[in-house]
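Here the structure comes first, spelled out in structure tokens, and everything after it is commentary.
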Amino acid sequence: MKQSRTGVFVAVALFAALVNASAQAQDTNRFRIGTGGTCSTYYPIGQIVAEAVSSKTGLAASAMTSRGSVENIAGLASGDYDGAFVQSDTAFWAHTGSGIFTGQAPEKSLRAVASLYPESIHVVARQTAKIQTF
């Protein structure tokens, strides 16, 4: 648990620095963070980050609900979000125009600030599915 808290605090510090630099460049007083649904993990973390950013920078930061990583990429690209939580595979695909973003122009302006926590995935399939690779 200690490592997770440290990771969140480091992410908040890095996010605050990025927000401050972004605000100076944009001359604005708000910072919108794309998160996830209200029942997701991203949304409450986004609220914590928004509160920290607001208290450290004086900006009106807010966690915005979304459908997750893909929508957050679109929100960053369109300017609807100033920052966002995005899974690493989705960010990579968007940045390179591969995976689910094949056929789309790469989002070369994306930048990673921090890794908040590791995610595990469990894949279950029938034995008869004949899956050879993941």
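Things to note:
- Looking across segment 44-68 at every residue that is of a type in the set (S, T, Y) and either touching a Phe, Trp or Tyr at 6+ places or on another chain (Cβ under 7 Å) or modelled with pLDDT of 95 or more (or both), the one that is surrounded by the most Cβ atoms within 10 Å (Cβ to Cβ) is identified as S66.
- Annotation: of all residues in segment 105-134 being within 15 Å of S69 (Cα to Cα) and open to solvent by 100 Å² or more (accessible area, probe 1.4 Å), the one that is modelled with the lowest pLDDT is E119.
- Members of segment 86-104 that are open to solvent by 70 Å² or more (accessible area, probe 1.4 Å) and small (G, A, S): S88, G103
- The one condition in (1) surrounded by 14 or more Cβ atoms within 10 Å (Cβ to Cβ); (2) touching a helix residue (DSSP H, G or I) at 6+ places or on another chain (Cβ under 7 Å) that D80 fails to fulfil: (2)
- Among the candidates L116, L110, residue that is in contact (Cβ under 8 Å) with a residue 60 or more places away in the chain and in contact with a helix residue (DSSP H, G or I) (Cβ under 6 Å, 6 or more places away or on another chain): L116
- Exclusive hit being surrounded by 12 or more Cβ atoms within 10 Å (Cβ to Cβ), modelled with pLDDT under 95, assigned to a helix (DSSP H, G or I) and of a type in the set (A, V, I, L, M), set A21, A13, A25: A13
The values are calculated or read from the model by the stated rules, or taken from the named source; none is laboratory data. Just so you know, these numbers come straight off a predicted model, no measurement behind them. Virtual Cβ from ideal backbone geometry, glycine too; neighbours counted across all protein chains shown. Areas reflect the complete protein model, heavy atoms only, side chains present, ligands, DNA and RNA absent. Shrake-Rupley method; radii C 1.70, N 1.55, O 1.52, S 1.80 Å.
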